[in-house]
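The values are calculated or read from the model by the stated rules, or taken from the named source; none is laboratory data. For clarity, every value in this text was computed on a predicted model and none was experimentally measured. When we count neighbours, we look across all protein chains shown, and the Cβ atoms used for this are built from the backbone with ideal geometry, even at glycine. Note: areas computed on protein heavy atoms with side chains; ligands, DNA, RNA excluded. Shrake-Rupley method; radii C 1.70, N 1.55, O 1.52, S 1.80 Å.
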Amino acid sequence: MTRLRRIAIFYARGSRALTFVQDEIRYLSVNTGLGGSIPAPPTTVLRRRFGDCKDKSFLAAHLLRRLGIPARPVLVSTGLRHTLQTLLPMPIFDHAVVEYEIDGERRWADTTHAQQGGGALKLAVPDFRRGLPVGHDVTDLENQPPPPETHDRYELHETFFVDTAHGVSTLRAVVTARGHDADALRRRFARDGAESVARERLEHYRGAFPHFRRVGQIEWRDDRERNEFLVGETYDAERLLSPGTTPETGVFTFPAYLIRAHLAVPNVAKRRQPLAVPHPCNVEHRIEIESPAITRDEGHGGRSVGPPFQLTYATTQQPGRYSVRYSLRFTTDTVPPDKFASYQKK
C-alpha cells in the first residue's frame with residue numbers, strides 16, 4: 001500500500017469517526033458532584049447515545065486510536081484561554097476537546113459541535129489558545145495547533161427585477177456559505193428544519209418589503225466534503241417602488257442589512273471591557289437591480305481600513321442594471337476599551 005493511499009484511508013476513517021461522535025452522540029452536560037468530573041466509559045456512551053464534552057472527547061479519542069490514528073483528550077478553558085499559563089495549577093478547565101494526528105498534521109476537534117464539514121483536517125474549532133492533554137507523559141500546558149485554512153466566507157447575492165409600471169417585481173436571493181459559516185447554516189437547517197428557516201427569512205425580508213411573498217419553496221444544497229452550503233429562494237411583490245420627487249420618477253430602497261448587522265455597536269460613549277466582534281468573519285453582500293428605466297452613470301466606491309475590520313464597496317451602473325458590492329472582513333475578535341470610540345466612529 002502506498003503512503004498516499006494509507007493517508008487517504010486514515011483521513012476517511014478519521015473523518016467518519018469524528019462525524020459519528022459529533023452528530024450521532026447527543027451532547028448533554030450533567031455535572032453533579034465529583035462524579036461529574038469523571039468521563040463515562042466509551043462503551044457506556046455508545047450504548048446510551050449521549051454524553052457531555054469529556055464523554056464525547058474520550059470516546060472520539062478511543063475510536064481514533066482503534067483506527068490507528070494517534071489521539072488524546074485535551075482539557076481547555078473557554079474563558080481564560082491564553083491567560084492559563086500565568087495561573088497556578090487549579091481546577092479551571094471547563095471543556096474538553098480531542099487531539100489527533102494524521103500525516104504529521106496535528107489537529108483539535110470540538111466533539112460538541114455537530115454538523116461540521118470539511119473532513120478531519122479542515123474542521124473549524126474555537127480559539128482556545130492552550131490546553132492540558134490527558135496522558136501519562138504530560139507535564140505542562142500545550143499550545144493549540146495552528147487552525148486549518150477553512151476559507152470561511154458568507155456571500156449573499158440579491159437580484160431585484162423591478163417593474164417600474166407598478167406591476168410585480170421579483171427578488172432572487174442566493175446564499176453561499178463556506179467553512180465556519182457553512183457549519184452554522186447546516187446546524188440551523190438540521191436543528192430547525194427547512195420550513196422554519198423559510199418562515200424566518202420571509203419575515204426578515206418583510207421587515208424591509210412588507211408586500212413580499214415567497215415563490216415556490218426554499219432550496220438548498222450541502223456539499224459537506226467541501227464544506228459549502230448554498231441556499232436559494234425567490235420572492236415577488238407589488239408596489240415595490242415609492243413615489244419620487246416628480247410623477248415620472250420612483251424610488252427603490254434596498255438596505256445593506258447584512259453589513260449593518262455585523263457592524264452594529266452599543267450606543268454608549270465609553271467601555272470598560274473589550275467589545276466582542278464577529279470573528280472569523282468574511283462577508284460579501286452583492287445587490288443587483290435590473291430595470292429598463294436605469295440609465296448609464298459613473299460608478300463609485302469607498303474603503304474603510306483599520307483595526308479590527310476592513311470594509312470596501314463599489315457600484316456600477318449601466319443601461320438596465322445597477323449593482324453594488326460590499327465586502328467586510330474582521331481581523332480580530334475584540335476591540336480594546338481604549339479603541340472603542342475610534343471603532344464606533346469609523
Inset, instruction - Considering only residues that are more than 17 Å from the chain's Cα centre (by Cα) and open to solvent by less than 90 Å² (accessible area, probe 1.4 Å), look in segment 259-269 and name the one that is nearest to Y154 (Cα to Cα). - result: A264
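Being assigned to a strand (DSSP E or B) and in contact with a Phe, Trp or Tyr (Cβ under 9 Å, 6 or more places away or on another chain) is the filter here, so list the residues in segment 323-346 that pass it. Can you show your working first?
Within segment 323-346, the subset assigned to a strand (DSSP E or B) is 323-330, 334-335.
Result: V324, R325, Y326, S327, L328, R329, F330, V335.
Which residue is surrounded by the most Cβ atoms within 10 Å (Cβ to Cβ), if the candidates are limited to segment 317-340 and must be over 27 Å from the mean Cα position of the chain (by Cα) and over 21 Å from Y257 (Cβ atoms)? Break it down stepwise before answering.
Narrowing segment 317-340 to residues over 27 Å from the mean Cα position of the chain (by Cα): 317-322, 338.
Now restrict to residues that are over 21 Å from Y257 (Cβ atoms): 317-321, 338.
Working: Q317: 17, Q318: 12, P319: 10, G320: 13, R321: 15, D338: 10.
Here the residue is Q317.
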Legend entry - Residue within segment 261-277 that is out of contact with any helix residue (DSSP H, G or I) (no Cβ under 9 Å at 6 or more places or on another chain) and among the charged types (D, E, K, R) present: no
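Considering only segment 296-346, how many residues are of a type in the set (K, R) and within 20 Å of E284 (Cβ to Cβ)? Walk me through how you get there before you give the answer.
Taking segment 296-346 as the starting set, the residues that turn out to be of a type in the set (K, R) are 296, 303, 321, 325, 329, 339, 345-346.
Right, trim to within 20 Å of E284 (Cβ to Cβ) and you get 303, 321, 325, 329, 346.
So the count comes out to 5.
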Inset, instruction - Look at T295 and say whether it is under 25 Å from V162 (Cβ atoms) and surrounded by fewer than 17 Cβ atoms within 10 Å (Cβ to Cβ). - result: yes
Inset, instruction - Note down all Cβ pairs under 8 Å where the first residue falls in segment 109-133 and is of a type in the set (F, W, Y), the second is at pLDDT below 95, and they're at least six residues apart or on different chains. - result: F128/V76; F128/S77; F128/T78; F128/R81; F128/H95; F128/Q144
Inset, instruction - Could you tell me which residue of segment 3-25 is nearest to the chain's Cα centre (by Cα), considering only residues that are small (G, A, S) and open to solvent by less than 40 Å² (accessible area, probe 1.4 Å)? - result: S15
Inset, instruction - List the number of the failed condition for A96; all other conditions in (1) open to solvent by less than 10 Å² (accessible area, probe 1.4 Å); (2) within 25 Å of E228 (Cα to Cα) hold. - result: (2)
Legend entry - Every pair of residues 6+ apart whose Cβ atoms lie under 9 Å, when the first sits in segment 4-28 and is farther than 16 Å from V98 by Cα while the second is assigned to a helix (DSSP H, G or I) and open to solvent by less than 50 Å² (accessible area, probe 1.4 Å): L28/D55
Legend entry - segment 98-108: number of residues that are without any contact (Cβ under 8 Å) to a residue 60 or more places away in the chain and farther than 20 Å from L80 by Cα: 5
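Given the criteria touching a strand residue (DSSP E or B) at 6+ places or on another chain (Cβ under 8 Å) and in contact (Cβ under 8 Å) with a residue 40 or more places away in the chain, does F209 qualify? Walk me through how you get there before you give the answer.
Working: touching a strand residue (DSSP E or B) at 6+ places or on another chain (Cβ under 8 Å): yes; in contact (Cβ under 8 Å) with a residue 40 or more places away in the chain: no.
So F209 does not fit the description; no.
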Legend entry - Of the criteria (1) part of a strand (DSSP E or B); (2) at pLDDT 95 or above, which one L75 fails: (2)
Inset, instruction - For G216, work out the one condition from (1) outside any loop (DSSP other than H, G, I, E, B); (2) on the phi < 0 side of the Ramachandran plot; (3) not aromatic (F, W, Y) it doesn't fulfil. - result: (2)
Inset, instruction - Taking R239 as meeting all but one of (1) without any contact (Cβ under 8 Å) to a residue 24 or more places away in the chain; (2) at positive phi, write down the number of the exception. - result: (1)
Legend entry - Set G306, G302: member being surrounded by fewer than 16 Cβ atoms within 10 Å (Cβ to Cβ) and at positive phi: G306
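I'm trying to understand the selection: among the residues of segment 248-258, which are of a type outside the set (A, V, I, L, M, F, W, C) and open to solvent by less than 70 Å² (accessible area, probe 1.4 Å)?
Taking segment 248-258 and keeping what is of a type outside the set (A, V, I, L, M, F, W, C), we get 248-250, 253, 255, 257.
Hits for segment 248-258 are T249, G250, P255, Y257.
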Inset, instruction - For segment 201-247, enumerate the residues that are closer than 16 Å to L156 by Cα, modelled with pLDDT of 95 or more, open to solvent by 60 Å² or more (accessible area, probe 1.4 Å) and over 18 Å from the mean Cα position of the chain (by Cα). - result: E219
Legend entry - Selection count, segment 219-253, where residues are under 29 Å from R16 (Cα atoms) and not basic (K, R): 11
Inset, instruction - Within segment 270-290, identify whether any single residue is of a type in the set (A, V, I, L, M), under 25 Å from G167 (Cβ atoms) and open to solvent by 50 Å² or more (accessible area, probe 1.4 Å), and answer yes or no. - result: no
Inset, instruction - Only strands (runs of 3 or more DSSP E) wholly contained in segment 111-182 count here; list those with 2 or more residues that are crowded, with 19+ Cβ neighbours inside 10 Å and of a type outside the set (A, V, I, L, M). - result: 153-161, 169-178
